[in-house]
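The values are calculated or read from the model by the stated rules, or taken from the named source; none is laboratory data. The shown structure was predicted, so the numbers you read here are calculated from the model rather than taken from an experiment. Every residue, glycine among them, receives a Cβ derived from its backbone with ideal geometry; neighbour counts consider all protein chains shown.
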Amino acid sequence: MQGMIGIIGGSGLYEIAGLEGASWVKVATPWGAPSDEVLVGRLDGVPMAFLPRHGRGHVHAPTTVPYRANIDALKRLGVTDVVSVSACGSLREGLAPGDFVIVDQFIDRTFAREKSFFGDGCVAHVSIANPTCARLRDACEAAARAAGVTVHRGGTYLAMEGPQFSTMAESRLYRSWGCDVIGMTNMPEAKLAREAELCYATVAMVTDYDCWHPDHDAVDVATVIATLTGNSARARDMVARLPGLLGPALTPSRSPCPQGCDHALDHAVMTAPAQRDGGLVAKLDAVAGRVL
């Protein structure tokens, strides 16, 4: 089966131009409705799906984004490789507004979200020691550099609950932990993508310095939107270059993910087959049907 690139667009990125045969598709999932319909088509001959995380018009708050439905919908459509494009704040002097960070680690401080497809009646534990896919990170970095973006390879993303921005004390604490950027949406998204055996990478677009920086005002929506305007154009340019970089790896004869993202459930399910809840197993058909 041919692979498909899935793009989850964050604040400021609500569509992709240039998709051949593009159409918005409504996808039903056992986890409810996704954030929006999914834009499906081909870019340079490579299948691609685009989902606006907050919905067109930005109607979903970070806490209420239907993360499980979003990941399930992409998997149902045949997506194999997910690139998350997200706005974020910088916790480092050297990560300036307008820069992109190819994230490789997360600290999850969210607390009001469903974080797993599994649960009572079908228990599973996947490894997220390395939560993003190295092969996808390589492609994202190359595409961003080709688009003329200042790119930083590697960084830790602190996922906060929101919707308020950080207090000064929180911002200083996260800096002391070694975090590089801060955002509200990539968790539990990355965890769910791993459970769904999807390769996943995050491109974090810096919009501000959070509130820790003594020479910059505290973050506000006006500041974020002003920077997002430029970031979004560069993000679209980056996305347009991904098919050329990933296309050869998405053929029907594609090799398994070297990191094992596409087989994350091989040894993850703990519940004995005879004890599994049939209703939950049915809901897991797209996400975990390969092993269940």
Collect the residues in the range 117-134 that are touching a residue at least 40 places away in the same chain (Cβ under 8 Å) and over 15 Å from the mean Cα position of the chain (by Cα), keeping them in residue-number order. Phe117, Phe118, Gly119, Asp120, Gly121, Cys122, Val123, Ala124, His125, Val126, Ser127
Take the range 246-277 and flag every residue that is closer than 19 Å to Arg145 by Cβ and surrounded by 19 or more Cβ atoms within 10 Å (Cβ to Cβ). Leu246
Do the conditions hold for Ile107, that is, is it under 25 Å from Leu242 (Cβ atoms) and under 15 Å from the mean Cα position of the chain (by Cα)? no
One residue is enough: does the range 88-104 have a residue meeting the conditions among the small types (Gly, Ala, Ser), buried (at least 21 other Cβ atoms within 10 Å of the Cβ) and within 16 Å of Ala204 (Cβ to Cβ)? yes
Having 2 or more residues that are in contact with a Lys or Arg (Cβ under 8 Å, 6 or more places away or on another chain) is the bar; report the helices (runs of 4 or more DSSP H) wholly within the range 191-292 that clear it. 285-288
Do you know which residues across the range 21-39 are in contact (Cβ under 8 Å) with a residue 24 or more places away in the chain and not polar (S, T, N, Q)? Val25, Val27, Pro30, Trp31, Gly32, Ala33, Pro34, Val38, Leu39
Please go through the range 18-35 and give me each residue that is part of a strand (DSSP E or B) and either among the basic types (Lys, Arg) or farther than 18 Å from Asn70 by Cα (or both), ordered by number. Glu20, Gly21, Ala22
Near pairs, Cβ below 7 angstrom, 6+ apart or cross-chain, from the range 191-206 (at positive phi) to any residue that is small (Gly, Ala, Ser) and at pLDDT 95 or above: Glu197/Ala264
Output the residues belonging to the range 160-189 that are in contact with a strand residue (DSSP E or B) (Cβ under 8 Å, 6 or more places away or on another chain), surrounded by fewer than 24 Cβ atoms within 10 Å (Cβ to Cβ) and either within 21 Å of Leu242 (Cα to Cα) or of a type in the set (Asp, Glu) (or both). none
So how many residues does the range 241-280 have that are in contact with a Gly (Cβ under 6 Å, 6 or more places away or on another chain) and closer than 21 Å to Ala193 by Cα? 3
